[in-house]
Amino acid sequence: MTGTSGGAVPTERTGSTERTGDTGTGPSRRLVVLRHAKSAWLEGVPDHDRPLAARGERDAPAAGRVIAGTVGTPGLALCSTAVRARRTWEPVAAQWDTPPPVRHEPRLYAAGVPDLLAAVREVPAEVGTLLLIGHNPGLADLVLTLAGDGVGDTLDRVRAKFPTSAVAVLSWRGAAWADLAPGTALLTAMTVPRGTAR
C-alpha cells in the first residue's frame, strides 16, 4: 500500500484481549506505537528517502507478527510518509488477510509529541485500536507522555531505549480519541521484535 486510503474507516476486527488498567470512562481503546525498522544510510540520499537496511527488512515482518498476535487487526494505521516507515508498514500489513486501512501522514515525519498527539486525536471514534508508525525521539516521548503507569518494567524499558522496530501498546478508556490526554493510559506491553538472519 503506497497511497492514502480514503473513505469511511471500518470497525476493527478484534483479536486477543489485552489487559486494561486505566481509570477513564467509555470504551476500551488501544494505541499501538511502532518505530520504523532499521534503515540504511546511503550517501546522497535525503533522510526522508532512506530505505530499510537488511536487518530492517528482517525485523519489520517480526514486528507485524507481534502486533497481530497482541491486538488482532487495528481499525486504522497512521504512517509517516518517510520511505523507511512505508517500507516497515508493507510487511506489517502482510500479516493480515485484510489489512487495516492506512493513512500516510506527512506531519508524522520528524514529529514531536504535539503533532503526534494531534494526529491521534483526529482519528474517528469508531476506531478502537490504532497503529501509529513513525520515528524517534517523538514516539518514545509520546508513550512516556501518555502512560500514567506501566505493566512490569515497561516504562523503564521505554525510558532506557525505544529502538527500531520497537512496539509499545497503550490501553485507555474514552468516548473518542479526541479525549486522549497525558497520563491517562496504561502501558501494557513493550516489545522489540527481531527477525532471523537467512
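The values are calculated or read from the model by the stated rules, or taken from the named source; none is laboratory data. These numbers were taken from a predicted model, which means no experiment stands behind them. Reconstructed Cβ throughout: ideal geometry from the backbone, glycine too, with neighbour counts over all protein chains shown.
Miscellaneous remarks
- Count of residues meeting criterion [buried (at least 21 other Cβ atoms within 10 Å of the Cβ) and hydroxyl-bearing (Ser, Thr, Tyr)] in the stretch 59-110: 2
- Residue in the stretch 137-147 that is within 17 Å of SER28 (Cβ to Cβ), crowded, with 23+ Cβ neighbours inside 10 Å and touching a residue at least 24 places away in the same chain (Cβ under 8 Å) present: yes
- Condition met for GLU43 (more than 12 Å from the chain's Cα centre (by Cα), assigned to a loop (DSSP other than H, G, I, E, B) and either under 24 Å from VAL158 (Cα atoms) or not small (Gly, Ala, Ser) (or both)): yes
- Pairs linking a residue in the stretch 111-135 that is assigned to a strand (DSSP E or B) to a residue that is aromatic (Phe, Trp, Tyr), with Cβ atoms under 9 Å and 6 or more positions apart or on different chains, are LEU130/TRP177; LEU131/TRP89; ILE133/TRP89; GLY134/TYR109.
- Candidates ALA119, ALA197, ALA185, filtered to the one that is farther than 19 Å from SER80 by Cα and at pLDDT 95 or above: ALA185
- Residue within the stretch 157-174 that is of a type in the set (A, V, I, L, M, F, W, C), over 14 Å from the mean Cα position of the chain (by Cα), at pLDDT 95 or above and assigned to a loop (DSSP other than H, G, I, E, B) present: no
- Screening the candidates ALA189, ALA168, ALA185 for the property of being in contact (Cβ under 8 Å) with a residue 40 or more places away in the chain, in contact with a Phe, Trp or Tyr (Cβ under 6 Å, 6 or more places away or on another chain) and either charged (D, E, K, R) or under 12 Å from ARG30 (Cα atoms) (or both) yields one hit, ALA185.
- Top-ranked residue in the stretch 148-165 [being touching a residue at least 40 places away in the same chain (Cβ under 8 Å) and surrounded by fewer than 21 Cβ atoms within 10 Å (Cβ to Cβ); ranked as nearest to ALA40 (Cα to Cα)]: PRO163
- Options THR81, THR88, THR73, THR4: the member that is of a type in the set (Val, Ile, Thr) and modelled with pLDDT under 95: THR4
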